[in-house]
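The values are calculated or read from the model by the stated rules, or taken from the named source; none is laboratory data. This structure is a prediction, so every number in the text was calculated from the model and none was measured. When we count neighbours, we look across all protein chains shown, and the Cβ atoms used for this are built from the backbone with ideal geometry, even at glycine.
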């Protein structure tokens, strides 16, 4: 774990505990940045869903693979990056969970929820893992650039 | 807060009072096991009271869908009761609000079974 100025990053195991921890960190940092309750919930859930994808679908719980999670406060944006060390997801195979034929599927809503809750969602798959970038615009009193405390 | 489920019967309808979080892992497993146990015992009229469910993730949403379809496939019915704003919002944006039979009054939910 390291914190420098407005950026903090974590390297975490591929476990369920990582998912819970990522959500807790997102909640804490979003709160410190002055987001409202609804936005905090949205950010926390987006990070949770991203962590689920990294742990389950990316690293497949492999003990030798890590998840890195970074929060960066740029002044006007909260930028969250989640990287796994899996094989990289095939973006063309992500179904539309709102399509009638998919409504009753029991999975496949994580990326949809992230896109619903965040201002920007970028997914960059590669042979060595997937990088997910989540951006939420800061509207609260700290939008001017106050640092996140650690 | 992990998930807890209490069960009670009202006029032949099993009401599951859920509280906590329905998320990947323990919360989802508890819900799945509870519904399957009810169905295996012939209880096919089920109400999930979600009044005390303060958080649900995509895996939890998937478990609600699974409980709904599993019950329906066995000739039963499953209804949702007392959605919190968070859960209600999630079901709205995922368009599942139109799939589930959602009630905000227990007596109405019980009477709504065929």
| task | Go through the residues of segment A:61-71 one by one and say whether even a single one is within 25 Å of residue B:21 (Cα to Cα) and part of a helix (DSSP H, G or I). | result | no
| task | Tell me which residues, restricted to segment A:109-125, are facing chain B (nearest Cβ under 7 Å) and either assigned to a loop (DSSP other than H, G, I, E, B) or exposed (fewer than 15 other Cβ atoms within 10 Å of the Cβ) (or both). | result | A:109
| request: Please enumerate the residues belonging to segment A:72-85 that are at pLDDT 95 or above and in a loop (DSSP other than H, G, I, E, B). | output: A:84, A:85
| message | Yes or no: segment A:5-22 includes at least one residue that is in a loop (DSSP other than H, G, I, E, B), at negative phi, surrounded by 14 or more Cβ atoms within 10 Å (Cβ to Cβ) and out of contact with any helix residue (DSSP H, G or I) (no Cβ under 8 Å at 6 or more places or on another chain). | response | yes
| query | Counting just the residues of segment B:1-51 that are part of a helix (DSSP H, G or I), crowded, with 18+ Cβ neighbours inside 10 Å and without any contact (Cβ under 8 Å) to a residue 40 or more places away in the chain, which one comes out farthest from the other protein chains (Cβ to nearest Cβ)? | reply | B:38
| request: Return the total of residues in segment A:86-108 being within 14 Å of chain B (Cβ to nearest Cβ) and either outside any loop (DSSP other than H, G, I, E, B) or touching a residue at least 24 places away in the same chain (Cβ under 8 Å) (or both). | output: 3
| task | Filter segment B:52-96 down to residues that are within 10 Å of chain A (Cβ to nearest Cβ) and part of a loop (DSSP other than H, G, I, E, B) and give me whichever is surrounded by the most Cβ atoms within 10 Å (Cβ to Cβ). | result | B:57
